[in-house]
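Below is one structure; the comments refer to it alone.
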Amino acid sequence: MREENITRINLDGKELILIGTAHVSRQSAEQVKEVIEAERPDSVCIELDEQRYQSVMEGSKWKDTDIFKVIKEKKATLLLMNLAISSFQNRLAKQFEIKPGQEMIQGIESAKETGAELVLADRNIQITFSRIWHNLGFMGKAQLLNGVIFSIFSKETISEEELEKMKTQDTLNAVLAEFTESFPRLKTPLIDERDQYLAQKIKDAPGNKVVAVLGAAHVPGITKEIHKEHDLEKLTEIPPKSIVPKILGWAIPALLVAIIVYTFMANPTAGFDQALSWILWTSSFAAIGAALALGHPLAILSAFIVAPITTLHPLIASGWVSGIVQAYFRRPNVGDFETLSEDVFTIKGFWRNKVTRILLVVVLTNLVGSIGTFIGGADVIRVFFKNL
């Protein structure tokens, strides 16, 4: 049996065998099969959570998605990021005729064949996204969204050098790799916390012999963390939202309204200019965002109409309104959901599919509209000081 990429750890009378796999390598899947059949472990841990396990076993059930519910629950951005990662996986599969995650599928099959207990050892991907999102400011979130959604489509092919580099990363790490360099704080929720979570799940797996199928990038961290105790509940907490953004979300609009009202009372002409400037900047940029997503004309119009109001109300966003209008007039059909996994493979497909078009309308209306909010707010303040 090949011992390369295998790390053996004896811990409190338990034998832990870590297989450092390459998520885009056929050889890794073969080695997983070979090791599990030879070792006959009590448990097999795989680097998947319940959501990704279901996706692997049953395929992504996009057709079950309630697009209106996604928008109302403010999950459009999360779904769009998941689809972007799916696109990245599809591109690898088509270019290199490799099925990413094949070694995880092999781990599942081999566990079943040998009678070993299967342990889903990774943290829920939505919790990881939430903790990543919490570590970013507004500009970081904008840059991350822009990069995840668009940069993965910037090249028609992936070079052999890039492929070799990806052989030491999992898909999520590969997609977000450049952002961990720009935002070092991302490394904690993306890699370090998952190393701790995986280590604890492997250590707690039933039986005296455990085989763990892991991305090679996680093995060094797990080898270190497995000798410590980690609180899984703490690692799966959704970070509490700071009260500061909530206070600012109400205080800033209230201040802008107060400034406009005061200016109206002191100088009606200047007050009118302020109000008009606010309406034009916020409306125009929100409409531009919806238009960039190739939204329905009424979705673009709705973004234009509601933006001056929604930007002053922290609980409503113009993108949600335009997204619901888009979904109403361009409701996805069964075919859109069935072709979703293929359509997200290209930029053209991303914009053509009615499902992703709705998500793009929501995200781009909000993202581009926020630029208009900043410019409009700055202009309101400029006119106020000019007429003070």
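Details
- Rg over Rh [alpha-carbon atoms, Kirkwood Rh] for the stretch 273-388: 1.11
- Here the stretch 191-350 is treated as a Stokes sphere of Kirkwood radius computed over C-alpha pairs; at 10 °C and 1.306 mPa s its diffusion coefficient rounds to 76 µm²/s.
- Extension reserve of the Ala38-Asn10 stretch, reckoned as 0.36 nm per residue once the Cα distance is removed: 8.3 nm
- Heavy-atom accessible area ranking, 1.4 Å probe, most first, across Tyr328, Tyr262: Tyr328, Tyr262
- Among the protein heavy atoms, those of Ser28 account for about 10 Å² of accessible surface (1.4 Å probe, every chain in place).
- In this structure, the pairs whose alpha-carbon distance is over 24 Å, taken from Lys187/Lys354; Lys14/Lys187; Lys246/Lys386; Lys187/Lys246; Lys203/Lys224, are Lys187/Lys354; Lys14/Lys187; Lys246/Lys386; Lys187/Lys246.
- Scaled radius of gyration (Cα, divided by 2.2 N^0.38 Å) that the stretch 246-300 gives: 1.46
The values are calculated or read from the model by the stated rules, or taken from the named source; none is laboratory data. These figures come from a predicted structure and were not determined experimentally. In case anyone asks, the SASA skips ligands and DNA or RNA and just uses the protein heavy atoms, side chains included. Shrake-Rupley method; radii C 1.70, N 1.55, O 1.52, S 1.80 Å.
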